[in-house]
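The structure appears below as structure tokens.
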Amino acid sequence: MKKAKSSSTTSARSRSSQDGSARGPAKRSTKPKTMEWELRLYVAGNTPNSIAAFSNLQQICEKHMGGRYRIEIIDLFDNPQLARGDQIVAVPTLVRRLPTPIKKIIGDLSNTERVLVGLDLKPARSLAARR
Amino acid sequence: MKNDGNPRIKTSTKHLHAQEYVQKTPTGTEGLDEITRGGIPTGRNTLVCGGAGSGKTLFAMKYLLCGAIEYGEPGLCISFEENAEELTQNMASLGFNLAELEKKKMLAIDHVQIARHEFEETGEYDLSGLFVRIEHGIRSIGAKRLVLDTIEVLFTGLPNEAIVRSELRRLFRWLKEQGVTTMITAETGPGGTLTRHGLEEYVADCVILLDHRVSEQVSTRRLRVVKYRGSPHGTNEFPFLLDESGLSVVPITSVGLTHQASTERVSSGIPGLDRMLGGKGFFRSSSILISGTAGTGKSSFAAHFANAAAERGERCLYFAFEESPSQILRNMRSVGLDLERWMDRGLLRIEASRPTSTGLEGHLARMHRDVSAFKPAIVVIDPITNLVSVGDSPAVKSMLTRLIDFLKLHNITAMFTNLTVKGMVEETSVGISSLMDTWILLREMDILVRDISASAPERQRAIHLLKSRGMAHSRKMEPFEITDNGIHMLLLDGRESRMPQATESRWARKKAR
């Protein structure tokens, strides 16, 4: 488990923009100019799934969202009380908080196609046609 | 091993040895703790399965509330179906204030919501999020008790069943290390399987099955302990009751013939009848059956019995299956018995209900609960015949056996009335007479009155003691009548009767034949 961090939802969010240098898939964010995408990635510890999810997410964001996104990583081991708000059961879970409506994607985000559909970056029928 | 502290599990000393191995946590469901000899296994996982509406959630909540209120053990409820508001409302209808307990940190509710349509699935994941939530919940209040209701929602909520299975296996193992006693609810599957998704394979320490059956339009709830590792337990099906006071189980089949026979006598309330019963009345804690055709005065006998008990200062519980309390009071006032004063003083309670309102087991459970609460010295069931209409004879007999065993164990004298068909009085008593210690028959017979000018011919009522175990009793048919001042034995009460001559002469003639 990582070092304990007592923080509420708001402070966790505000802090996340500052300590980008910390560790592996730690709290990190890209500085937005026009914030279009607000994403939260819930993980539980530094597991292979968490690391894979984070790197997959970064790639997808860079490619499809330009600089208009912000990723917030929440480690539930540090902030267990945050699991309740977004109804997190499985980890990793990616939550698209903006634009609304809220979308959730669970798993290590290895299937780019599905992530794009889940984020509404691609129409669902493109996936349905393949199935 | 002594177990004086817990009166619920002192019924059998033979099994107490087994309790040394498995520590138990009381569930707060009356009766279940008796069947399981102490409750569910402490620090382990217990599975509660049942169909829709079988009372699983209530059962689990009662377990948490019992811990929080009676044992000072905080409880955490991970609810997958109902949210905190719904649970709070539902439990408020049973008189529990969940919000208050939450404020006191004796209870925490976490509503876990999983809807399949809300998310996309891409690749590997695990359920650590759930683990974290459970752990956080346990830590935040120091929970000793945990409920997962109904965890099977995960199977429908998450697309990858293989992951759910392996994660549940991990969860149940992990829970055992958390020092909490867990109750997991699950829905029974089709074809008689215990759970729809085979949870019983992982949660194997204790399995309790709740059943809700409808037979001939009457529903009956039953509970069975299917499995209990490392502990003996009652294996029968036990009826249980869901009502405004929650849930209670009737473990009557576990009683058996171990009661002490009393030599104390109680008056029947009718001096003449007492004289027939060896001059002293019934034995205390015996069972008495009064059979008779319609209008022979069965209820009046029962009312005298109840009245006499109240006069001695004993409590009497009167189960009426035919008349409302006010009807009984009115009718008994007409034969000179004022029962209302006893009700006012809390010595008499009349519980009236229709026999068809619930199944036999339901009646049994209700009577069990009422008797336990009111603690009467005398119980009257008037009439038992109507219960026959909701069950077949073997079922009625088995229910009566359990009821009588229970009453005897608590030193309660019970009087049952039974309506019989004219001409086959002794046959129509559904084979229940063997359960009875005393059997009284009330009859009506046509009497020829010699002196027509004095009185019109009328039917004469007579009482006959068919049997009374353990005492020398009268074998005579004794005529009686019901007057404004109650029941009077014409020959035994020593008063001037209206027509002793006629009655006597009839017996004389019969003898001569």
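So if I check each of B:129, B:123, B:38, which one is of a type outside the set (A, V, I, L, M) and within 30 Å of residue B:234 (Cα to Cα)?
Numbers: B:129 fails: within 30 Å of residue B:234 (Cα to Cα); B:123 fails: within 30 Å of residue B:234 (Cα to Cα).
Of the residues listed, the single one that is of a type outside the set (A, V, I, L, M) and within 30 Å of residue B:234 (Cα to Cα) is B:38.
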Report summary line: Those residues of the range B:456-465 which are at pLDDT below 85 and either within 31 Å of the chain's Cα centre (by Cα) or more than 30 Å from residue B:277 (Cβ to Cβ) (or both) amount to B:456, B:457
Report summary line: Here the residues within the range B:72-129 that are among the β-branched types (Val, Ile, Thr) and more than 32 Å from the chain's Cα centre (by Cα) are B:112, B:114, B:122
Report summary line: When (1) surrounded by 17 or more Cβ atoms within 10 Å (Cβ to Cβ); (2) under 17 Å from residue B:269 (Cβ atoms) are applied to residue B:333, the one that fails is (1)
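What residue, of A:86, A:75, is buried (at least 21 other Cβ atoms within 10 Å of the Cβ), more than 8 Å from every other protein chain (Cβ to nearest Cβ) and in contact with a strand residue (DSSP E or B) (Cβ under 7 Å, 6 or more places away or on another chain)? Outline the logic, then answer.
Numbers: A:86 fails: buried (at least 21 other Cβ atoms within 10 Å of the Cβ).
Within the list A:86, A:75, the selection yields A:75.
Counting only residues that are at pLDDT below 75 and under 26 Å from residue B:42 (Cβ atoms), how many does the range B:216-233 have? Explain how you work it out, then say what you get.
Residues of the range B:216-233 at pLDDT below 75: B:216-220.
Adding the requirement that they be under 26 Å from residue B:42 (Cβ atoms) leaves none.
Number satisfying all stated conditions: 0.
For the range B:256-373, which fully contained strands (runs of 3 or more DSSP E) count at least 1 residues that are farther than 25 Å from residue B:470 by Cβ and of a type in the set (Lys, Arg)? Spell out how you get there, then give the answer.
Values: elements: B:287-292, B:316-320, B:348-352.
Counting at least 1 such residues, we get B:348-352.
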Query raised in the report: Only one of B:82, B:73, B:152 is at pLDDT 90 or above and under 24 Å from residue B:178 (Cβ atoms); which?
Result: B:73
Report task. For the range A:89-108, name all the residues that are more than 7 Å from chain B (Cβ to nearest Cβ) and in contact with a strand residue (DSSP E or B) (Cβ under 9 Å, 6 or more places away or on another chain). Result -> A:94, A:95, A:96, A:97, A:98, A:99, A:102, A:103
Query raised in the report: Among all residue pairs at least 6 apart or on different chains, which show Cβ distances below 7 Å where the first residue, located in the range B:87-114, is polar (S, T, N, Q) and the second is in a helix (DSSP H, G or I)?
Result: B:88/B:98; B:88/B:99
Report summary line: Among (1) of a type in the set (Lys, Arg); (2) over 19 Å from residue B:110 (Cβ atoms); (3) at pLDDT 90 or above, residue B:213 falls short only on (3)
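Of the residues that make up the range A:50-61, is at least one within 25 Å of residue B:109 (Cα to Cα) and out of contact with any Gly (no Cβ under 9 Å at 6 or more places or on another chain)?
Our first condition is that a residue be within 25 Å of residue B:109 (Cα to Cα); within the range A:50-61, this holds for none.
No, the range A:50-61 contains no residue that is within 25 Å of residue B:109 (Cα to Cα) and out of contact with any Gly (no Cβ under 9 Å at 6 or more places or on another chain).
Looking only at the range B:317-340, count how many residues are among the basic types (Lys, Arg) and in contact (Cβ under 8 Å) with a residue 24 or more places away in the chain.
Initial filter on the range B:317-340 (among the basic types (Lys, Arg)): B:330, B:333.
Within this subset, residues satisfying the condition of being in contact (Cβ under 8 Å) with a residue 24 or more places away in the chain are none.
Result for the range B:317-340: 0.
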Report summary line: Scanning the range A:60-118 residue by residue, those among the polar types (S, T, N, Q), within 22 Å of residue B:127 (Cα to Cα) and not in a helix (DSSP H, G or I) turn out to be A:79, A:81, A:87, A:93, A:110, A:111
Query raised in the report: Do any helices (runs of 4 or more DSSP H) lying entirely in the range B:101-189 carry at least 3 residues that are over 21 Å from residue B:200 (Cβ atoms) and within 11 Å of chain A (Cβ to nearest Cβ), and which ones are they?
Result: B:128-141
Report summary line: Counting only residues that are of a type in the set (Asp, Glu) and crowded, with 16+ Cβ neighbours inside 10 Å, the range B:160-182 contains a total of 1
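Among the residues of the range B:438-451, is there at least one that is of a type in the set (S, T, N, Q), at pLDDT 60 or above and assigned to a loop (DSSP other than H, G, I, E, B)?
First, the residues of the range B:438-451 that are of a type in the set (S, T, N, Q): B:438.
Filter once more, so that each one left must be at pLDDT 60 or above: B:438.
Next, from what is left, pick out any that are assigned to a loop (DSSP other than H, G, I, E, B): none.
The answer is no, given that none of the residues of the range B:438-451 is of a type in the set (S, T, N, Q), at pLDDT 60 or above and assigned to a loop (DSSP other than H, G, I, E, B).
The values are calculated or read from the model by the stated rules, or taken from the named source; none is laboratory data. From a predicted model like this one, the values you see are computed outputs, not experimental measurements. Neighbour counts are summed over all protein chains in view; Cβ atoms, including those assigned to glycine, are modelled from backbone coordinates with ideal geometry.
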